[in-house]
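Please treat every number below as a calculation from the coordinates, not as lab data. Being a predicted model, the structure only gives us computed values, none of them experimental. When we count neighbours, we look across all protein chains shown, and the Cβ atoms used for this are built from the backbone with ideal geometry, even at glycine.
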Amino acid sequence: MSILIKNGWIVTQDGKRRIINGDVYIEENLIVDIGKIKVEAEYVIDATNRIVLPGLINTHTHVGMTDMRGLADDVSLDNFLQIMWKEEGERGKEDIYRGAILGIKEMLRTGTTTFVDMYSDEDVIARACKDLGIRGYLGWAVVDEELTTQEGDPLKNAESFIREYRDDDLVTPLIAPHAVYTCSEETLLKSQEIAEKYGTLITMHISETRREVYDHRKKTGMRPVEWLSKIGFLSENLIGVHLVWLTLHEIKLLAERDVKVSHNPTSNMKLGNGGAMPLVEMLDHGLTITLGTDSAVSNNNLDMFEVMKFASLLHKNERWDASVTNAQMIVDFATINAAKALGLNAGSIEEGKLADIIIMNPEPSGIPLEKNRLISHIVYSLNGLNTEYTIVNGKIIVAQGKFLNEKED
Ligand SMILES: [Zn+2]
């Protein structure tokens, strides 16, 4: 299939961060041409007065929990996890599928084209990704065997999931050890072994709360990142999630190993974790920062536009300095940085990149478009429901705000 997007404001996110008024031509699953294009296409989208943007990449969620939103509000992480684990013990595959469908639809409708997930039963979530057409980096959750509600050994389950999906075009499998308080050294090193054997990424919650750091120091004499460094777990293939409570020494350890960062400001604030991820120091040390929503139970939506705004505001407020973040930096986190972290040929609108593109209509919000304010509008003014078109892997999934292949009731 070929698609021609006509006459839009194209936020390319290329090396020069160019914004062009023009057209984008897509053939099959790739962006073939950008500029003023004279070509026939099977599907033509008029993007006049619209913003054409690389699809957003959500680097941390638990999409199978989306149907549980509103179940554990206004409690700290400890209580939150107790409620979740009790609930999850009673959930079957159909519940997880239903949750995943809800969450994936919300992401596609609000401008996300790729997400990274952490959960058990990722085979069910893979089915939901294929059914709806989103790009999923699905991390099978691993905890110590005595803690799991999964049937069988989580490590073995993760390995067979990776084997099953490693050649898929939309689903990329990975392994997701849950946290230092649920995974022993042995479990972590075995997870790493599996990741190395199949060449996959690893993702893990790290230093989300002060309590986690305190307990881990009590147990091991070391802070989580120090300990992970000592056991040889830090690597460029690791996406560390949260990373809120860090010392400068730990930031250096992360930077030395080029660990990628998934920043989840909305979830951190909602759970009252306190403080803020040390973004300024992390950027100073060259860490790749990306953004995640976390689950709909600790957010309570999967709208990456909201996460972009919160990310920017949190650090300005924390530092008493409005200049520590800027809108371009935040758009980078949600697009090109995330693509780099995943090793995905996307995150910008350039020839040869995967056709993962969204088109935003600012009209319902009454926002006039001006070229030099587009990036500002994206971060500070728009929300996910301004998304009019969502294209993933060269397929139009959402058109004029509606799912294209969904039957009308
Ligand atoms: Zn999480």
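With the crude spin-label approximation of a point 7 Å out along Cα→Cβ, what separation in nm comes out for Leu30 versus Met269?
4.1 nm
Given an 8 Å cut-off on Cα distances and at least 6 residues of separation, report the relative contact order of the stretch 234-357 as a percent.
Relative contact order of the stretch 234-357: 21 percent.
For the stretch 24-67, compute the orientation-averaged projected area of the C-alpha convex hull (one quarter of its surface), in nm².
Result: 5.5 nm².
Can you tell me, using C-alpha contacts under 8 Å and at least 6 residues apart, the relative contact order of the chain as a whole percent?
Value for the chain: 21 percent.
On a full-extension model of 0.36 nm per residue, what is the gain between Phe403 and Asp215, subtracting their alpha-carbon distance, rounded to one decimal in nm?
63.1 nm
Let's test the formula: R0 of 30 Å, r as the Cβ-Cβ distance of His249 and Asn326. What FRET efficiency results, to the nearest 0.05?
Efficiency at R0 = 30 Å is approximately 0.60.
Taking the Cα centre of the chain as origin and charging only Cβ (+1 Lys, Arg; -1 Asp, Glu), how large is the dipole, in debye to the nearest 20?
Approximately 1180 debye in magnitude.
After finding the eigenvalues of the alpha carbon gyration tensor for the stretch 203-335, what semi-axes result from the square roots of 5 times each, listed largest first in whole Å?
23, 16, 14
Angle, helix 122-132 long axis vs. longest principal axis of the chain, Cα atoms, 0 to 90°, nearest 10?
With both axes taken from Cα atoms, the answer is about 10 degrees.
Cut-off under 15 Å on the C-alpha distance; same-chain residues fewer than 8 positions from Lys402 excluded. Which aspartates and glutamates are left, in chain and number order?
The qualifying aspartates and glutamates are Glu106, Glu388.
Using only the alpha-carbon atoms of the chain, report the extent along each of the three principal axes, biggest first, to the nearest angstrom.
64, 47, 39
Holding the Cα-Cα limit at 32 Å, pick out from Lys270/Lys340; Lys156/Lys340; Lys190/Lys309 the pairs that are longer than that.
Pairs exceeding the cut-off: Lys190/Lys309.
Which order do the peptides 55-64, 161-170 take when ranked by the mean count of other beta-carbon atoms within 10 Å per residue, highest first?
Taking the mean over residues of other Cβ atoms within 10 Å, the ranking is 55-64, 161-170.
Compute the projected area of the convex hull of the Cα atoms of the stretch 113-207, averaged over all viewing directions, and report it in nm² to one decimal place.
5.9 nm²
Using a basic spin-label model with each label point 7 Å from the Cα along Cα→Cβ, how many nm lie between Asn49 and Asn345?
Distance between the two pseudo-spin positions: 3.7 nm.
For the chain, take the longest principal axis of its alpha carbons; what is the angle in degrees between that and the long axis of helix 77-89, to the nearest 10 within 0 to 90?
Here the helix axis deviates by roughly 80 degrees.
Using only Cα atoms, tell me the angle between helix 210-220 and the longest principal axis of the chain; keep it within 0 to 90° and round to the nearest 10.
The helix 210-220 is inclined about 40 degrees to the chain.
Determine the percent antiparallel among the DSSP beta bridges restricted to the chain, to the nearest 5.
Restricted to the chain, the bridges split so that about 45 percent are antiparallel.
At q = 0.20, 0.23, 0.24 Å⁻¹, what is the base-10 log of I(q)/I(0) for the stretch 47-151 according to the Debye formula with one equal point scatterer per Cα and no solvent? Please give it to two decimals.
-1.06, -1.30, -1.36
Taking 0.36 nm per residue of sequence separation and subtracting the Cα-Cα distance, how much length would be gained by fully extending the chain between Asp131 and Val39, in nm to one decimal?
30.0 nm
Let me have the 222 nm mean residue ellipticity of the chain computed from DSSP H runs of 4+ only, each contributing -39500 (n - 2.57), with the sum over all residues rounded to the nearest 500.
-9500 deg cm²/dmol
Among the lysines, which have Cα under 17 Å from the Cα of Lys219 when same-chain residues fewer than 8 positions away are ignored?
Lys230
If packing is taken as the mean number of other Cβ atoms within 10 Å per residue, what is the order of 8-19, 82-93, highest first?
8-19, 82-93
What's the tally of Lys pairs in the stretch 1-144 whose alpha-carbon atoms lie under 23 angstrom apart, where the two lysines are 8 or more places apart or on different chains?
7
So if each residue of separation counts as 0.36 nm, and I subtract the Cα-Cα distance between Leu147 and Ser2, what length gain in nm does that give?
Between Leu147 and Ser2, full extension yields an extra 47.3 nm.
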